[in-house]
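Okay, so here's the structure we're looking at.
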Amino acid sequence: MEDTDDLETWIIELGDEIIHKAHSAGALSLSPAESAIYDFWAVDYAVRNAGNMDILEDLRPAAAVNLAQYLRGIGYLELASYMDGLSSAGDQCDSYYLRFKRLCEALQGALSRA
């Protein structure tokens with residue numbers, strides 16, 4: 001298990017790599033796990049920088065919904081349900097920090113199996 005600061009760094013750095021890949025090679029070049037991490041990066045950015053999900057409309061509109069679908073597909077039903085709720089949470093994002101570590105671990109595991 002990693003420290004939360006390490007996980008914040010992980011999502012920022014890996015998200016940056018994936019964003020560059022998507023912009024240079026196209027969104028279709030991303031694996032499903034990479035697309036989910038891109039979505040997670042966008043959700044994380046929205047929560048940490050805006051404190052709400054509204055910014056996703058300009059950034060990556062379906063990020064929370066797509067991430068929920070991906071999590072459901074890899075068997076993380078509770079996290080998927082949480083993301084479904086977060087997608088319409090507006091400024092009620094405080095609970096995000098309680099699930100951040102589990103979200104990172106789920107995506108790290110999926111990426112290692114990809």
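The values are calculated or read from the model by the stated rules, or taken from the named source; none is laboratory data. Because the structure is predicted, anything quoted here is derived from the model rather than measured. Here the Cβ positions follow ideal geometry from the backbone for every residue, glycine too, while neighbour counts run over all protein chains shown.
Here Tyr82 meets the list (1) surrounded by fewer than 18 Cβ atoms within 10 Å (Cβ to Cβ); (2) among the aromatic types (Phe, Trp, Tyr); (3) farther than 15 Å from Ala110 by Cβ almost entirely, failing just condition (1). Of the helices (runs of 4 or more DSSP H) entirely within the chain, those holding at least 3 residues that are of a type in the set (A, V, I, L, M, F, W, C) occupy 4-25, 32-45, 63-73, 77-86, 96-113.
Quick grid of which residues meet (1) modelled with pLDDT of 95 or more; (2) within 22 Å of Asp6 (Cα to Cα); (3) more than 14 Å from the chain's Cα centre (by Cα):
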{"site": "Glu57", "(1), (2), (3)": "no, no, yes"}
{"site": "Pro61", "(1), (2), (3)": "no, no, no"}
{"site": "Ala68", "(1), (2), (3)": "yes, no, no"}
{"site": "Arg72", "(1), (2), (3)": "yes, no, no"}
{"site": "Asp84", "(1), (2), (3)": "no, no, no"}
{"site": "Ala89", "(1), (2), (3)": "no, no, yes"}
{"site": "Gln92", "(1), (2), (3)": "no, no, yes"}
{"site": "Tyr97", "(1), (2), (3)": "no, yes, no"}
{"site": "Arg102", "(1), (2), (3)": "yes, yes, no"}
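If I filter the range 49-68 down to residues being touching a helix residue (DSSP H, G or I) at 6+ places or on another chain (Cβ under 9 Å) and charged (D, E, K, R), which single residue comes out as surrounded by the most Cβ atoms within 10 Å (Cβ to Cβ)? My answer is Arg60. Search the range 15-39 for residues that are on the phi < 0 side of the Ramachandran plot and surrounded by 13 or more Cβ atoms within 10 Å (Cβ to Cβ) and pair each with any residue that is not aliphatic (A, V, I, L, M) and not in a loop (DSSP other than H, G, I, E, B) when their beta-carbon atoms are under 6 Å apart and the residues are at least 6 apart or on different chains. Once the first residue is on the phi < 0 side of the Ramachandran plot and surrounded by 13 or more Cβ atoms within 10 Å (Cβ to Cβ) and sits in the range 15-39, its partners that are not aliphatic (A, V, I, L, M) and not in a loop (DSSP other than H, G, I, E, B) give Gly15/Trp41; Ile18/Glu34; Ile18/Tyr38; Ala36/Tyr70; Asp39/Asn66.
For the range 26-55, a tally of residues being among the aliphatic types (A, V, I, L, M) and either at pLDDT 95 or above or within 19 Å of Ala110 (Cα to Cα) (or both) returns 8.
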